[in-house]
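The values are calculated or read from the model by the stated rules, or taken from the named source; none is laboratory data. Only a predicted model underlies this, so the values are computations on that prediction, with no experimental measurement involved. Here the Cβ positions follow ideal geometry from the backbone for every residue, glycine too, while neighbour counts run over all protein chains shown.
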Amino acid sequence: MAVIAGIDGCPAGWVCLTKELSTGNVDSRILPNIAAVLQLDHRPELVMVDVPIGLTDSGPRACDLQARAHLKAPRASSVFPAPIRPTLLATTYTQACQIGQKVDGRKLSQQAWGILPKIREVDAFLRTDTSLQEWIREVHPEVCFWAWNGEKAMAHKKKTEKSEPQLGRLEREALVVPYYGKSYSSAQTSLPKGKFANDDLLDAFAALWTAERLIVGKALILPATPLADSYGLRMEMVA
């Protein structure tokens, strides 16, 4: 039974979508931590997760630079620089900025600080066995949607804006719903309320779609020849 998964972080942990390729059945759940993917009844043979994997000791990652180049303005800014590895030791945002300024000449962005616990979690998990990275791969939903949309970036931010109510959500649903059908609405109603945001779910579907591309050899790897970080983790992004 071939199963693949798309995962995105959420307030309660991780939104996890799994698809059985032979039947097309999609199941949704919230995992308390990334390691819980190992405990699924049917372990996926490929997992796409929205989190930076592989961190530089200083300087930007090539995959982030290439992703922004593909998205172009104004969506390029959605791919914010991954934190450098030394900032993982920070316990406060101020400390993280001080480390970044000292080592790299740049402070840590608020967006990167917001997901630093998720980055630490996945980094620690993969460092226990770097061969797991053959199984768990990094995606960025906006780059996935770019590829899904005929290599054209989304016109609107994923979050609702007062000036553009629901346009970002509707734009992404226009890709997800025709492809995944009732699986999307089923996930919306079956996942526990208050544990995830709808954009988390849409991002997880983008990751799942990319897993489908990768398993048949159609995905784009950024960069084409990725470097490994100081712990042997490849710094790459799949789209």
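Hey, any hits in segment 150-166 for a residue that's closer than 19 Å to Val49 by Cα and part of a helix (DSSP H, G or I)? Break it down into steps so the answer makes sense when it comes.
First, pick out the residues of segment 150-166 that are closer than 19 Å to Val49 by Cα: 158.
Filter once more, keeping what is part of a helix (DSSP H, G or I): none.
Checked against the condition, which is being closer than 19 Å to Val49 by Cα and part of a helix (DSSP H, G or I), segment 150-166 yields no hits at all.
Can you find even one residue in segment 175-198 that is farther than 19 Å from Val15 by Cβ and of a type in the set (A, V, I, L, M)? Can you show your working first?
The first filter runs over segment 175-198 and keeps only residues farther than 19 Å from Val15 by Cβ, leaving 178.
Filter again for of a type in the set (A, V, I, L, M), leaving none.
Scanning segment 175-198 turns up no residue that is farther than 19 Å from Val15 by Cβ and of a type in the set (A, V, I, L, M).
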From the options Val15, Val3, residue that is crowded, with 18+ Cβ neighbours inside 10 Å and in contact (Cβ under 8 Å) with a residue 60 or more places away in the chain:
Val15
Of the conditions (1) surrounded by fewer than 20 Cβ atoms within 10 Å (Cβ to Cβ); (2) aliphatic (A, V, I, L, M); (3) at pLDDT below 95, Ala153 satisfies every one except a single condition; which number is it?
(3)
Out of Leu175, Leu214, Leu201, sole residue that is in a helix (DSSP H, G or I), among the hydrophobic types (A, V, I, L, M, F, W, C), free of Cβ contacts under 8 Å to residues at least 60 places away in the same chain and out of contact with any Pro (no Cβ under 9 Å at 6 or more places or on another chain)
Leu175
Looking at Leu46, Leu65, Leu38 in this structure, which one is out of contact with any helix residue (DSSP H, G or I) (no Cβ under 7 Å at 6 or more places or on another chain) and under 20 Å from Phe145 (Cα atoms)?
Leu65
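Within segment 207-214, does at least one residue satisfy the condition of being more than 14 Å from Ala239 (Cβ to Cβ) and surrounded by fewer than 20 Cβ atoms within 10 Å (Cβ to Cβ)? Break it down into steps so the answer makes sense when it comes.
Residues of segment 207-214 more than 14 Å from Ala239 (Cβ to Cβ): none.
No, segment 207-214 has no match at all.
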